[in-house]
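Working notes, structure below.
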Amino acid sequence: MSEIRVAVVDDHPVFRLGMAGLLDSLPGINVVAQAESAAEAMERVDDRVDVVLMDLHLGDDSGIETTRDLVRRRPELAVLVVTMDEDDESVVAAIRAGARGYLLKSSSPEQVERGIRAVAEGEAILGPQVAARAMASLMAGRTAVRLPFPELSDREREVLDLLARGYDNATIARRMVLSPKTVRNHVSNVLTKLGIPDRATAMIRAREEGLGGD
């Protein structure tokens, strides 16, 4: 493509404006939109945008959910996560949501430029600090033999597993990089699908099925 049109989604104005300035100085890259929240991202990331630079924490919003919503609306959109989070859960969640790349905010300008050009061409790219751990986590997920509660979605099963460990909704939201409202909805869906009256019963059932372990 002759020009890569980029949107920068980050709730920190200094970082967002600095990143936009850097990208606009690069040949063949043009920043056409900026957003600081999920709502702004959904409004401003339109057909002009080829690549989205996405932070995972957008105030009360989740960059993971925003990525999923944007990619669902435009499957050809390339999302490159640029964040401070390097834990396995965040990396895997971003990839599952549809992100094509994952870099840390400590990445050099050259790494960011290379990441943008790579995802714009349909490639996948991970920063060197997270690549090995991310692949190990993905492979571990693929090799699981037993699937408890098959009536639940993967996301609902993850929520139930954390609930079985005794975590409250706020902690689950932080660990899964979701909004508290989304976690509440997932917990409600789990209780409904399993025909369970409350969290305490769900915790017992989940532990009986092997969830909630270390």
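Residue 117: accessible area at probe 1.4 Å, nearest 10 Å²?
80 Å²
About its Cα centre, what dipole magnitude does region 1-130 give when the only charges are +1 on Lys and Arg Cβ and -1 on Asp and Glu Cβ, stated in debye to the nearest 20?
So the dipole magnitude of region 1-130 works out to roughly 380 debye.
Find how much the distance from residue 121 to residue 193 grows on full extension, using 0.36 nm per residue of separation minus their present alpha carbon separation; answer in nm with one decimal.
That pair, residue 121 and residue 193, stretches by 21.8 nm at full extension.
Which value, to two decimals, describes the C-alpha radius of gyration of the chain once divided by 2.2 N^0.38 Å?
1.09
Using only DSSP helix segments of four residues or longer, with each worth -39500 (n - 2.57), what per-residue ellipticity at 222 nm results for the chain after dividing by its residue count and rounding to 500?
The helix-only estimate for the chain comes to -15500 deg cm²/dmol at 222 nm.
Calculate what fraction, in whole %, of the accessible area of the chain sits on carbon and sulfur atoms when a 1.4 Å probe is rolled over the protein chains.
After summing per-atom areas, the C and S share lands at 53 percent.
Which length gain, in nm to one decimal place, applies between residue 39 and residue 76 when the Cα-Cα distance is subtracted from 0.36 nm times their residue separation?
Between residue 39 and residue 76, full extension yields 11.3 nm more.
Springs between alpha-carbon atoms under 10 Å, Gaussian network over the chain: tell me which of 185, 30, 169 tops the mean-square fluctuations.
185
Can you work out the accessible area per residue across region 40-131, with the rest of the protein chains kept in place, probe 1.4 Å, in square angstrom?
Result: 43 Å² per residue.
Would you mind telling me which residue in 103, 58, 22 has the biggest mean-square fluctuation in a Gaussian network model of the chain, where springs connect alpha carbons within a distance under 10 angstrom?
So, out of 103, 58, 22, the one fluctuating most is 22.
Please compute the net charge surrounding residue 29, taking Lys and Arg as +1 and Asp and Glu as -1 over other residues with Cβ under 15 Å from its Cβ.
Summing Lys/Arg as +1 and Asp/Glu as -1 gives -2.
State, to one decimal in nm, how far the label point of residue 46 lies from the label point of residue 26, with both points 7 Å from Cα in the Cβ direction.
2.5 nm
Who wins for biggest fluctuation among 21, 115, 98 in a Gaussian network model of the chain, springs between alpha carbons below 10 Å?
Of the options given, 21 has the highest mean-square fluctuation.
Excluding residue 123 itself, what net charge comes from residues whose Cβ is under 9 Å from its Cβ, given Lys and Arg +1 and Asp and Glu -1?
+1
Which far-off residues, 5 or more places away or on another chain, put their amide H under 5 Å from the one on residue 125, with H placed in the peptide plane?
Here the answer is 101, 102, since their amide H atoms fall under 5 Å of that of residue 125.
The values are calculated or read from the model by the stated rules, or taken from the named source; none is laboratory data. Everything numeric here is computed off the predicted structure, so don't read it as measured data. Quick reminder, even Gly has a Cβ in these numbers, built from the backbone with ideal geometry, and neighbours come from all protein chains shown. When the accessible area is computed, the model is the full protein with side chains, heavy atoms only, and any ligands, DNA or RNA have been set aside. Shrake-Rupley method; radii C 1.70, N 1.55, O 1.52, S 1.80 Å.
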